[in-house]
Amino acid sequence: MKTQPVLGIDIGGSGIKGAPVDLKAGDFAADRLRIPTPAKSTPAKVAAVVARIVEHFADQIGDGPIGVTIPSVVTHGITRSAANIDPSWIDAPAEQILSEHLGRTVVLVNDADAAGVAEVRYGAAKGHPGLVLMTTLGTGIGSALIYHGVLIPNTELGHLEIDGHDAETQASAGVRTKLGLTYEEYIPRLQRYYERVEALFWPDLFVVGGGISKNAGQYLPYLRLHTPIIPAELKNRAGIIGAAALAAEASAS
Ligand code: BGC
């Protein structure tokens, strides 16, 4: 029997993207739809865009739950931080706002947490039995800590204080672009970051995602760590797939 796809939606700084996900295959069941993130991306404006994406896929997703990612700490449906998004998300009952706007069950999760879950279920760390630490290198640095397949949410390791700085302001892919650093110049920043995270968590595996992971060969082999460090596999599909998986799981429990 064919199971119904679950819609995953990824709210990012420049685009809001969604696709129905086939959770058996761990892949999109149809092409994704991307709509630019509105300027001054308040919860209400973002909810209106999310509604357009839901409408677009309505025929394929039935009345199932919807998984949504956001680059913020999310506890009990409330967005608690806004490092690279509009400050109006801080302490907003975002899950409730979205679900009231859509008239559907919404499960809201941190973007890196969703990507990490997808990589462990379907991607680079598939079936890994130990402690997996996923990091996403983008505008900021996101993290997901997954132990024996179970997510410990909101680790926010992009905001570790290292050498007196918020780590993501030194080592994110966005910083590399902003400063025009070559990979050779960027590698010491990554080395400092990952050796610090390693010393605190001693994971069994690091997975590195974010757009920059497609060039992983240019920097990952040069990092000197005890822990294996590998690129993510699901690329920009990870957030959507992980959000859909977490939504299905939350609504089944
Ligand atoms: C945010 C995290 C997010 C990460 C990646 C950080 O600035 O604090 O919540 O996961 O960026 O988007």
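Would you kindly give the portion of the calculated P(r) for the chain that falls above 33 Å, as a percent of all Cα pairs?
Value for the chain (Cα pairs over 33 Å): 16 percent.
Computing the accessible area with a 1.4 Å probe over protein heavy atoms, can you report the carbon and sulfur percentage for the chain?
53 percent
Using the Kirkwood radius over C-alpha pairs as Rh, can you work out the diffusion coefficient of the range 103-253 via Stokes-Einstein at 25 °C, viscosity 0.890 mPa s, in µm² per second? Don't jump to the answer; show the numbers that get you there.
Numbers: Rh = 15.5 Å.
Calculated translational D: 159 µm²/s.
Describe numerically, in nm with one decimal, the distance between label points set 7 Å from Cα along Cα→Cβ at His165 and at Ala25.
4.3 nm
Which net charge results when you count Lys and Arg as +1 and Asp and Glu as -1 among the other residues whose beta-carbon is under 13 Å from that of Ala144?
Once all neighbours under 13 Å are counted, the net charge is -3.
Counting alpha carbon pairs within less than 8 Å and at least 6 residues apart, what relative contact order, in whole percent, applies to the chain?
Values: 550 pairs, mean separation 55.8, N = 253.
Reported as a whole number, the value is 22 percent.
Principal axis extents for the range 199-253, Cα atoms only, whole Å, descending order, please.
Taking max minus min along each principal axis of the Cα atoms, the range 199-253 gives 42, 26, 12 Å.
Which part of the range 155-184 falls in the paramagnetic zone of Tyr222, meaning amide N under 11 Å from the point 7 Å along Cα-to-beta-carbon?
Under 11 Å, as judged by backbone N against the label point of Tyr222, lie 182-184 of the range 155-184.
Pairing the Cα long axis of helix 111-122 with the longest principal axis of the chain, what angle in degrees results, from 0 to 90 and rounded to the nearest 10?
For helix 111-122, the angle is close to 90 degrees.
If you fit an axis through the alpha-carbon atoms of helix 43-61 and take the longest principal axis of the Cα set of the chain, what angle between them do you get, 0 to 90°, nearest 10?
Once rounded, one gets 70 degrees.
For the chain, with a Gaussian network of springs between Cα atoms less than 10 Å apart, report the residue from Ala51, Ala94, Ala115 with the top mean-square fluctuation.
Answer for the Gaussian network model of the chain: Ala51.
Among Ala248, Thr227, Gln4, flag the residue with its Cα farthest along the positive direction of the charge dipole of the chain, charges on Cβ as +1 for Lys/Arg and -1 for Asp/Glu.
Of the listed residues, the answer is Gln4.
222 nm [θ] for the chain, helices only, -39500 (n - 2.57) per DSSP H run of 4+, per residue, to 500? Can you show the working numbers first?
On the way: 7 runs with 85 residues, N = 253.
Mean residue ellipticity, 222 nm, calculated: -10500 deg cm²/dmol.
Using a Förster distance of 25 angstrom, determine the FRET efficiency expected from the C-beta separation of Asp91 and Glu249, and round it to 0.05.
Details: r = 26 Å, r/R0 = 1.03.
For R0 = 25 Å, the calculated efficiency reads 0.45.
Normalising by the residue count of the range 124-233, find the relative contact order in percent from Cα pairs under 8 Å and 6+ residues apart. List each step's numbers first, then the result.
Working: 180 pairs, mean separation 33.4, N = 110.
After rounding, I find 30 percent.
The values are calculated or read from the model by the stated rules, or taken from the named source; none is laboratory data. Not measured: the values here are computed from a predicted model. We place every Cβ from the backbone using ideal geometry, glycine too, and count neighbours over all the protein chains shown. Note: areas computed on protein heavy atoms with side chains; ligands, DNA, RNA excluded. Shrake-Rupley method; radii C 1.70, N 1.55, O 1.52, S 1.80 Å.
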